[in-house]
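Read the structure below first, then the notes.
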Amino acid sequence: MEFFSQHKIYDFMKVSRFFIITTLSLAIFSIILFFAKGLEYGIDFSGGTIVQLKYEQKAPIDKIRDDLAKDKMFSGALITEFGSPEEVQIRFASTSGNVSEDVGDKVRLLLNETGKFDVRKVDIVGPKVGGELRQKGLMAAVLSMLGIMIYVAIRFEWTFAVASIITLIHDVAITTGALILFHVEMSLDVLAAILTLIGYSINDTIIIYDRIREELKSTKDMDLMHVINISVSKTLSRTILTVLTVFFVVLTLYVFGGEIIHGFSFTMLLGVIIGCYSSIFISAPFLKLLGFSVEEYKNRIALKEKNKIEKVKMRSQYEKGTV
Amino acid sequence: MSMPTLLQSEKGAKIALGLDLQGGLHMLLGVKTEEAIKSKVKSIASSIKFFAQSGDIIIDDFRLDEEVLTFTLLDKDEEKKIDEMLKTISGLEVTKETLHYTLSLNDKEKELIKAYALSQAVETIRNRLDQFGLSEPNVAKQGNDKILVELPGIKTAEDEQRARELIAKAAHLQLMAVDEKKRDRANTMSPIEASQYGDVILSDARGDNIRHILKEIPIIDGSMLTDAKVAFSDMHQPVINFTLNSEGAKIFGDFTANNVGNRLAIVLDNKVYSDPVIRERIGGGSGQISGGFSVKEAHDVAIALRSGALLAPVVLLEKRSIGPSLGADSIHASLTALISGFVLVSAFMLFYYRLAGVVANIALIVNLFLLIAIMALFGATLTLPGMAGIVLTIGMAVDANVIINERIRELLRQGMPMAQAIEHGYENAMSAILDSNITSIITALLLYVYGTGPIKGFAISTIIGISVSMLTAILGTHGIYQFFMPRIEKSKNLSLWFGMKRSH
């Protein structure tokens, strides 16, 4: 089976200007959204308490709400269905620092009359811990981008590194923007998904860059636009196929993985698609925008080669003792 | 090697399930280390007082204000004796104005006490949980002032409650003298007034409305306790018998000899359990705590006393408790995702690449087995995000094969013979595969360093998964092709081997 014609060279550069402008403004809009509206932080980052219950029958949410209101601790509690009509999640901002006292017991007592249920999960995150987790998460995101940038700069060229980081920021920004729009809560799992995306969406970019590098070595063509078009077209099938396989597994996670892991799989699902798109339409064309020149690159490579040969020559002369 | 995990056999290394999959209790506790300094100063006060009494040195105006201790010496001749005694206490900062002493601890000592309080708290909590009989409790230090407690064995709400109470119990036993002169004013005096007399007001274990007025500086501190056991009183009530060490026994003997007819309060965690009248000198250094315990309570208090007092109180910073039924649901859901993800990906590879897809699928299966085996060998814990990591590995591992196969197809299209195309395909694909896997590993490593709890599990399974995939998807599949090379060369069937259209 084959999906793509291998002989056709698609003109990506022609449409890239349109895509770059559209999605970069989308990314900028996401960043504005991030600062104006902000993410909805889950209790992992904001601190708070979550109690998850499973009833033997359909959960009587209104009755639960009334009964919980009797205790001040639950004021402002958010009570929602969780995954199925039998399950409810109770979420509120206050936390108890007392080790020997338990919210689960309190809920059990207060909701005694609402029917038979099982307290499946109690999560309490103190405000101090929440703040620390947020800081650590940001740190990990920044460091992994930095790490990738350094790696790409070493393996390729600095222009490649900068273009790849812009692509990554673009991916993360749009994914985050979508999270805000779809009201997905920022939890530790979602953060893990975003970090995984940073590591993953660079993969397709690297496949394309690798091909551009290879193409640059062999071709006599000095037109970068043309080189990029050839490289992106030739790698198109593998870019899409590799994304497809990951998309399959993330989709199964989303469908079968259960409510708890929804945030993670949703973020991955979005990110994988955005990452694939940006590798094709953003990462390579951005080299052109950053002023990458084939001629200079070739000269640099040639110079490097020359230096290498020179060195070898010098060494052999030293070894022979002719200097 | 992954068999023990898959078959859940008795023998062999198995992957431990994380708390989120098997249910249990995860807590991050904060240790209030500054409290340890206060109680250290208090115990210094006790020993100075005892030293002064046994040496007939008269001290006046003995005060304890949080971390500062002050007193005045009446007789100048005793100055040398006191000074020498103070020198034996490490880390003490002494300022003297004529005979008025002000004592506090220096910063270095305070740091030491804080560090000790933390490690002692870890030890104590671990001891208590071990004696409580839970399976595999994990108690570990985190940072400068935090303790991580993980209890996978907890199944019921009642067990959880007892474990939490056991952890939180300070188990600070004090024997204190009742201030006989002011006993009748215990219910009316304010705490501030009491402290002016060097007294403290504590409530009774039976209820807050019964109050006792006691001398602030205790006679004996819980640190002198060597053993505590549950026993039954004459009335068949559970009581706790405790034994003191030799120093404690001596102080206790001396005190009871000098105070016959007075009352002695037995105080546990700032609650008075009993205040019997001293009838005679009590030698041997043993005593009893009674006061309406249930058998379970007495059992837990004895454990707490035996494993030592917490020098500093603990507070709950983070708690995650997962019921076993939720854990089972999560296992079920993630297994379904794993299997359906595998079926989907391998079916796709098979249809798209035919025999090359079969080769990739064999590598994928080997990859999964190796991943499980390595995790079991290293004793890694499998969490729900860890399961997600394994599912993700399935998708990423075949990426390498996709890249290789596309390269090979490309070369075949140029008319290269199959054997040669395979060799060159591997060569050409290598750099892209390496680069993309290394960047993935970089982020996974950072996720491991900065992530907490279950997220670390995700990082571990992706790191191992990707590393193994380089072995299986590159070397493994290459080996398979080389093994079948004579046949491949003979067949020349591009459609069968690489799923290419016949038109090429």
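For residue A:247, state whether it is of a type outside the set (Asp, Glu), surrounded by fewer than 24 Cβ atoms within 10 Å (Cβ to Cβ), free of Cβ contacts under 8 Å to residues at least 40 places away in the same chain and farther than 19 Å from residue A:165 by Cα.
yes
Looking at this structure, is residue A:267 buried (at least 24 other Cβ atoms within 10 Å of the Cβ), out of contact with any Gly (no Cβ under 8 Å at 6 or more places or on another chain), assigned to a helix (DSSP H, G or I) and at the interface with chain B (Cβ under 8 Å from one of its Cβ atoms)? Can you show your working first?
On the way: buried (at least 24 other Cβ atoms within 10 Å of the Cβ): yes; out of contact with any Gly (no Cβ under 8 Å at 6 or more places or on another chain): yes; assigned to a helix (DSSP H, G or I): yes; at the interface with chain B (Cβ under 8 Å from one of its Cβ atoms): no.
In short, no.
Would you check if there is a residue in region A:191-213 being over 25 Å from the mean Cα position of the chain (by Cα), within 14 Å of chain B (Cβ to nearest Cβ), touching a residue at least 40 places away in the same chain (Cβ under 8 Å) and assigned to a helix (DSSP H, G or I)?
Yes, region A:191-213 contains a residue that is over 25 Å from the mean Cα position of the chain (by Cα), within 14 Å of chain B (Cβ to nearest Cβ), touching a residue at least 40 places away in the same chain (Cβ under 8 Å) and assigned to a helix (DSSP H, G or I).
Across region A:161-189, which residue is nearest to residue A:38 (Cα to Cα) among those that are modelled with pLDDT of 90 or more, within 13 Å of chain B (Cβ to nearest Cβ) and touching a Ser or Thr at 6+ places or on another chain (Cβ under 8 Å)?
Only one residue tops the list, namely A:171.
Only one of (1) modelled with pLDDT of 85 or more; (2) part of a loop (DSSP other than H, G, I, E, B) fails for residue B:236. Which number is that?
(1)
Which of the residues belonging to region A:100-118 are crowded, with 16+ Cβ neighbours inside 10 Å, part of a loop (DSSP other than H, G, I, E, B) and at the interface with another protein chain (Cβ under 8 Å from one of its Cβ atoms)?
The one that is crowded, with 16+ Cβ neighbours inside 10 Å, part of a loop (DSSP other than H, G, I, E, B) and at the interface with another protein chain (Cβ under 8 Å from one of its Cβ atoms): A:102.
Which residues, taken from region B:413-442, are in contact (Cβ under 8 Å) with a residue 60 or more places away in the chain and either facing another protein chain (nearest Cβ under 9 Å) or surrounded by 16 or more Cβ atoms within 10 Å (Cβ to Cβ) (or both)?
Across region B:413-442, the qualifying residues are B:413, B:418, B:422.
Do we have any residue at all in region B:399-415 that's closer than 25 Å to residue A:256 by Cα and not aromatic (Phe, Trp, Tyr)?
Checked region B:399-415: at least one residue is closer than 25 Å to residue A:256 by Cα and not aromatic (Phe, Trp, Tyr).
Looking only at region B:75-91, decide whether some residue is within 14 Å of chain A (Cβ to nearest Cβ), over 30 Å from residue B:329 (Cα atoms) and modelled with pLDDT of 80 or more.
Here is the first cut: in region B:75-91, the residues within 14 Å of chain A (Cβ to nearest Cβ) are none.
Among the residues of region B:75-91, not one is within 14 Å of chain A (Cβ to nearest Cβ), over 30 Å from residue B:329 (Cα atoms) and modelled with pLDDT of 80 or more, which makes the answer no.
List the helices (runs of 4 or more DSSP H) inside region B:1-60, counting only whole elements, that have at least 1 residues being modelled with pLDDT under 80 and hydrophobic (A, V, I, L, M, F, W, C).
B:3-7, B:33-54
Report, by residue number, each residue of region B:476-504 that is out of contact with any helix residue (DSSP H, G or I) (no Cβ under 9 Å at 6 or more places or on another chain) and among the hydrophobic types (A, V, I, L, M, F, W, C).
B:483
Can you say whether residue B:405 is closer than 30 Å to residue B:501 by Cβ, within 9 Å of chain A (Cβ to nearest Cβ), out of contact with any Pro (no Cβ under 6 Å at 6 or more places or on another chain) and of a type in the set (S, T, N, Q), as far as the supplied structure shows?
It is true that residue B:405 is closer than 30 Å to residue B:501 by Cβ, within 9 Å of chain A (Cβ to nearest Cβ), out of contact with any Pro (no Cβ under 6 Å at 6 or more places or on another chain) and of a type in the set (S, T, N, Q).
What single numbered condition from (1) over 18 Å from residue A:181 (Cα atoms); (2) within 29 Å of the chain's Cα centre (by Cα) fails to hold for residue A:63?
(2)
Given the options B:108, B:96, name the one that is of a type outside the set (A, V, I, L, M), surrounded by fewer than 16 Cβ atoms within 10 Å (Cβ to Cβ) and within 30 Å of residue B:314 (Cβ to Cβ). Show your work before the answer.
Values: B:96 fails: within 30 Å of residue B:314 (Cβ to Cβ).
That would be B:108, the only listed residue that is of a type outside the set (A, V, I, L, M), surrounded by fewer than 16 Cβ atoms within 10 Å (Cβ to Cβ) and within 30 Å of residue B:314 (Cβ to Cβ).
Enumerate the pairs (first residue in region B:387-400 and facing chain A (nearest Cβ under 7 Å); second residue anywhere and not in a helix (DSSP H, G or I)) with beta-carbon separation below 8 Å, excluding pairs fewer than 6 apart on the same chain, so at least 6 apart or on different chains.
Here the result reads B:388/A:257; B:391/A:257, each pair linking region B:387-400 to a residue that is not in a helix (DSSP H, G or I).
List pairs: first residue in region B:129-143 and at positive phi, second residue surrounded by 11 or more Cβ atoms within 10 Å (Cβ to Cβ) and not in a strand (DSSP E or B) anywhere in the structure, Cβ distance under 8 angstrom, at least six positions apart or on different chains.
That search, which allows pairs on different chains as well, returns B:136/B:152; B:136/B:153.
Restricting attention to helices (runs of 4 or more DSSP H) lying wholly within region B:80-196, give those where 2 or more residues are out of contact with any Asp or Glu (no Cβ under 6 Å at 6 or more places or on another chain) and within 30 Å of residue B:24 (Cβ to Cβ).
So the answer is B:107-132, B:157-168.
For region B:144-160, what are the residues that are loosely packed, with under 15 Cβ neighbours inside 10 Å and free of Cβ contacts under 8 Å to residues at least 12 places away in the same chain?
Once the filter is applied, which keeps residues that are loosely packed, with under 15 Cβ neighbours inside 10 Å and free of Cβ contacts under 8 Å to residues at least 12 places away in the same chain, region B:144-160 yields B:156, B:158.
If residue A:231 satisfies all but one of (1) within 10 Å of another protein chain (Cβ to nearest Cβ); (2) buried (at least 22 other Cβ atoms within 10 Å of the Cβ), what's the number of the condition it fails?
(1)
Within region A:76-99, can you find the residues that are over 30 Å from the mean Cα position of the chain (by Cα), within 17 Å of residue B:157 (Cβ to Cβ) and surrounded by 14 or more Cβ atoms within 10 Å (Cβ to Cβ)?
Of the residues in region A:76-99, the ones over 30 Å from the mean Cα position of the chain (by Cα) are A:76-77, A:85-86, A:94-99.
From what is left, the residues that are within 17 Å of residue B:157 (Cβ to Cβ) are A:96, A:98-99.
Correct list: A:96, A:99.
Working only within region B:241-272, note down all residues that are within 23 Å of residue B:307 (Cβ to Cβ), out of contact with any Asp or Glu (no Cβ under 8 Å at 6 or more places or on another chain) and of a type in the set (Phe, Trp, Tyr).
Residue satisfying the conditions is B:252 alone.
Could you list all residues from region B:452-461 that are within 7 Å of chain A (Cβ to nearest Cβ) and either buried (at least 21 other Cβ atoms within 10 Å of the Cβ) or assigned to a helix (DSSP H, G or I) (or both)? Please lay out each step first, then the result.
From region B:452-461, those within 7 Å of chain A (Cβ to nearest Cβ) are B:452, B:455, B:458; that's our starting set.
Listed by number, the residues that qualify are B:455, B:458.
The values are calculated or read from the model by the stated rules, or taken from the named source; none is laboratory data. Since this is a predicted model, take the numbers as computed values, not measurements. Reconstructed Cβ throughout: ideal geometry from the backbone, glycine too, with neighbour counts over all protein chains shown.
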